[in-house]
Amino acid sequence: MAANQQHAEYAIETSNLNLWYGDFQALLNVCTKIKAGIITGLIGPSGCGKTTLLRCFNRMNERFENVRVEGSVEILGSNIYDPEVSVVELRKRVGMVFQRPNPLPLSIYDNVAFGLKVHSPWRSLYKDDIDAAVEKALEEVFLLDSVKDQLHRKGTDLQLEQQQKLCIARLLPLKPELLLMDEPCSALDAAGTEAVEDLLLSLRGRYTIVIVTHNMAQARRISDECIYMLNGKLIEHGETSDIFLNPKDKRTEEYIEGRYG
Amino acid sequence: MCALRGPVCSFLTRLRRILRIVSERTIVSLIFLCGVSAVIFVFGIFFFVFREGAPFLRHGFDAKEFFLSPDWYPTSATNKRYGILAQLIGTGTVTLVAMLVAVPFSLGAGIFIAEFCGKKTREIMKILIELLAAIPSVVWGFIGLMVMNPLIIWLTGAPIGLNVLNAGVIVGLMSVPIIVTIAEDAIRAVPDTYIEAAEALGATRWQLVRKVILPAAKSGLLAAVLLGVGRAVGETMAVLMCTGHSINIPFDGKAPFFHVLDSVRTLTATIAAEMGEAPRLEVNADGTFPAEALHYQSLFVIGIVLFAVTFVINVTADLIVKGIRKRK
Ligand SMILES: Nc1ncnc2c1ncn2[C@@H]1O[C@H](COP(=O)(O)OP(=O)(O)O)[C@@H](O)[C@H]1O
Ligand SMILES: [Mg+2]
């Protein structure tokens with residue numbers, strides 16, 4: 001029971017996480033616990049390893065051939081780097097949104113249904129169920145009204161902001177526990193950014209969200225906690241207000257004040 | 001700088017400048033000539049083929065008979081007939097069987113090379129496939145004659161193993177390299193962001209191929225197959241050796257209707273086999289040609305037909321490939 005409660009409190013726990021790209025060590029001994037149900041921002045100067053850390057949480061780093069990982073990452077209670085863990089199952093529970101919106105070259109409908117189809121045994125899905133799931137997901141990301149009559153349009157033909165919403169929507173039918181977002185607004189204009197931020201805030205509480213952001217103001221606006229990284233190390237992890245108003249580490253303070261980054 | 005004084009010096013400088021300009025112009029025009037000559041050769045060949053075939057088109061040509069009659073008796077003493085239906089069907093059926101062999105095999109190989117194998121295997125596979133492309137067509141014909149022929153007789157009990165099946169398999173294998181190469185390019189041109197997106201959603205490798213990569217690469221794959229078709233239609237030596245070279249339509253009313261163990265003859269093989277014995281005769285004084293001249297001319301008209309077919313296929317493939325580039 002106690003263990004369960006702990007799982008409920010923390011969505012991700014990393015311990016002594018090290019990662020190398022070939023000879024280059026991109027993460028050094030990262031130890032942290034990310035709380036469930038809130039939005040955690042990942043901040044730090046360019047090249048400090050934010051994307052790398054984020055991609056450890058759904059093992060997307062394994063796409064590169066020269067990556068080596070040591071240490072453990074526990075997601076909802078089990079170490080995802082255990083050999084018997086299924087990457088397919090992991091990625092069903094941990095969704096990811098990328099820096100550039102990357103809808104598949106399929107219809108809007110098929111984009112949202114893709115995850116469901118991929119994770120269901122052949123012929124086990126009914127069209128009505130898929131329809132309902134697609135509609136619900138699009139509704140959740142505030143996209144339904146604008147695309148309701150054009151579900152068969154290509155997802156890649158939408159505006160960037162809508163594409164990014166679609167990329168979030170396609171994760172939802174799988175009922176993920178965690179959403180990882182790598183600078184999801186960096187390709188969007190101000191209005192698009194605001195719309196996606198509103199969306200994230202509306203998802204807050206239902207999903208655990210980890211968001212990489214370059215934008216200090218954005219981190220302040222939407223995150224509950226922040227992790228500050230520098231040169232592959234985790235420097236500070238705390239409530240967003242603490243990180244911004246009274247950072248404990250000198251380096252965090254300097255970054256917040258804009259002395260580098 | 002200039003040891004000489006006055007007018008001599010200025011003359012030398014001017015000479016040097018003129019020489020430089022002249023040599024630059026020469027190089028530019030040489031390059032231009034090389035570029036233009038490619039175009040000139042294509043038109044030249046087309047002109048030549050057309051000129052040789054033109055008298056037949058003007059005199060002996062009856063489009064209905066030419067395309068719809070299977071009677072090919074260009075050297076008959078009493079009743080010369082020029083129908084290429086059997087050869088058209090021969091070319092068509094050999095190409096069809098070739099594609100039935102080559103397309104699954106090549107697309108499978110292309111997908112494997114582009115998506116499923118490691119770097120080292122990929123390099124080895126590509127070298128092997130290039131090797132396949134380097135085998136001369138007469139060697140393929142030899143394989144058909146000496147290996148496939150007894151094999152088909154042994155397996156099917158057919159009286160003769162030189163037929164549509166034999167030529168189809170051989171030409172299919174000959175088309176594999178071009179299809180694999182272009183298919184692999186098309187598959188590898190699928191943007192990595194699509195693949196990343198599907199992988200992040202938990203798609204397995206096979207789902208990724210089936211649901212994302214193949215749909216995204218489908219025009220490129222179509223172009224690859226079309227180029228393979230062009231290759232198969234134009235193949236000459238190997239089909240000449242493997243089809244049995246007999247004027248015959250491998251269809252009839254009896255099941256299974258299409259007889260893959262029938263011998264046929266193709267358009268290309270007809271030209272290759274008969275060109276040597278068809279005399280090129282000059283026009284008579286009254287502007288007509290002697291009857292024997294039509295054989296030679298009709299072979300060139302077959303050439304025009306082939307030219308037109310492969311031209312259409314290649315242009316279609318080209319347009320498809322261009323369409324892909326534009327969308328990116
Ligand atoms: N695939 C890779 N191969 C080698 N080095 C990489 C690769 N991806 C990232 N890196 C390096 O790892 C470091 C961290 O990169 P990244 O996590 O992308 O930083 P951030 O997202 O914070 O800008 C950088 O120095 C970068 O050059
Ligand atoms: Mg990054």
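Read the figures in this text as sums done on the coordinates, not as results from a lab. It should be emphasised that the depicted structure is a prediction, and the values quoted were computed from it without experimental measurement. No Cβ is skipped: glycine too gets one built from the backbone with ideal geometry, and neighbour counts run over all protein chains shown.
Restricting the calculation to Cα atoms, the stretch A:6-85 shows an Rg/Rh of 0.96 when the hydrodynamic-style radius is the Kirkwood one.
Taking 7 Å steps out from each Cα toward its Cβ at B:Glu282 and B:Leu132 produces label points 5.2 nm apart. Just tell me which lysines come within less than 16 Å, Cα to Cα, of A:Lys248; anything on the same chain fewer than 8 places away is out. Result set, ordered by chain and number: A:Lys233. Relative to the current alpha-carbon distance between A:Asp128 and A:Asp198, full extension at 0.36 nm per residue lengthens the span by 22.2 nm. Straightening the chain between B:Ser10 and B:Leu214 buys 66.6 nm, computed as 0.36 nm per residue apart minus the Cα-Cα spacing. For the stretch A:5-256, the normalised intensity computed at q = 0.08, 0.11, 0.15 Å⁻¹ comes to -0.31, -0.59, -1.09 (log10 of I(q)/I(0), Debye sum over alpha carbons, equal scatterers, no solvent). Averaged over residues, the count of other Cβ atoms within 10 Å places the peptides B:276-289, B:40-53, B:79-92 in the sequence B:79-92, B:40-53, B:276-289, highest first. The angle between the Cα long axis of helix A:127-140 and the longest principal axis of the Cα atoms of chain A comes to about 50 degrees, rounded to the nearest 10.
Over the stretch B:174-328, the reciprocal of the mean inverse Cα-Cα separation, the Kirkwood hydrodynamic radius, stands at 19.4 Å.
Applying 1/(1 + (r/R0)^6) with r as the Cβ-Cβ distance of A:Glu70 and B:Ile124 and R0 = 41 angstrom yields a FRET efficiency of 0.80. Taking the Cα atoms of the stretch B:2-59, the ratio Rg/Rh between the radius of gyration and the Kirkwood radius comes to 1.55. Taken residue by residue and averaged, Cβ atoms of other chains lying within 10 Å of the Cβ of B:201-212 number 5. Extent of the stretch A:161-256 along its three principal axes (Cα atoms, max minus min coordinate, largest first): 42, 28, 23 Å.
Which whole number in µm²/s is D for the protein assembly as shown by Stokes-Einstein, with the Kirkwood Rh taken over Cα pairs at 37 °C and 0.692 mPa s?
The estimated diffusion coefficient comes to 110 µm²/s.
A simple spin-label model places the labels of A:Glu62 and B:Val315 5.1 nm from each other, with each point 7 Å out along Cα-to-Cβ. Helical content of the protein assembly as shown, expressed as a calculated mean residue ellipticity at 222 nm, amounts to -17000 deg cm²/dmol (DSSP H runs of 4 or more residues, -39,500 (n - 2.57) each, divided by residue number, nearest 500). Only one residue of B:Asn163, B:Ile213, A:Ala137 has its Cα farthest out toward the positive end of the dipole of the protein assembly as shown, where Lys and Arg carry +1 and Asp and Glu -1 on Cβ, and that residue is B:Asn163.
Over all distinct Cα-Cα pairs of the stretch B:65-327, the Kirkwood formula returns a hydrodynamic radius of 20.4 Å. Give me the angle, in degrees from 0 to 90, between the Cα long axis of helix A:160-169 and the longest principal axis of the Cα atoms of chain A, rounded to the nearest 10. Compared with the principal axis, the helix lies near 90 degrees. May I ask you to derive the relative contact order of chain A, considering only C-alpha pairs under 8 Å and at least 6 residues apart, and to give it as an integer percent? After rounding, I find 27 percent.
Across the stretch A:80-179, counting alpha-carbon atoms alone, Rg and Dmax equal 13.7, 45 Å.
Once you divide the Cα radius of gyration of the stretch A:51-96 by 2.2 N^0.38 Å, the number left is 1.06. Run the quick spin-label model on A:Leu144 and A:Ser241: label points 7 Å from Cα toward the beta carbon, then report their separation in nm to one decimal. Rounded to a tenth, the inter-label distance reads 3.5 nm. In chain A, the longest principal axis of the Cα atoms and the axis of helix A:108-119 are about 70 degrees apart.
Rounded to the nearest 0.05, the FRET efficiency derived from the C-beta distance between B:Val22 and B:Ala189 at R0 = 41 Å is 0.35.
The peptide list B:180-187, A:93-100, A:77-84, put in order of mean Cβ contacts within 10 Å with the highest first, becomes B:180-187, A:93-100, A:77-84. Distant-in-sequence amide contacts of A:Lys233, defined by a placed amide H-H separation under 5 Å and a gap of 5 or more residues or a different chain, comprise A:Leu28. Membrane-span-like helices of chain B, defined as complete DSSP H segments with a Cα extent of 18 Å or more along the helix axis and a mean Kyte hydropathy of at least 0.0, are identified as B:6-58, B:85-111, B:119-134, B:164-188, B:218-234, B:293-327.
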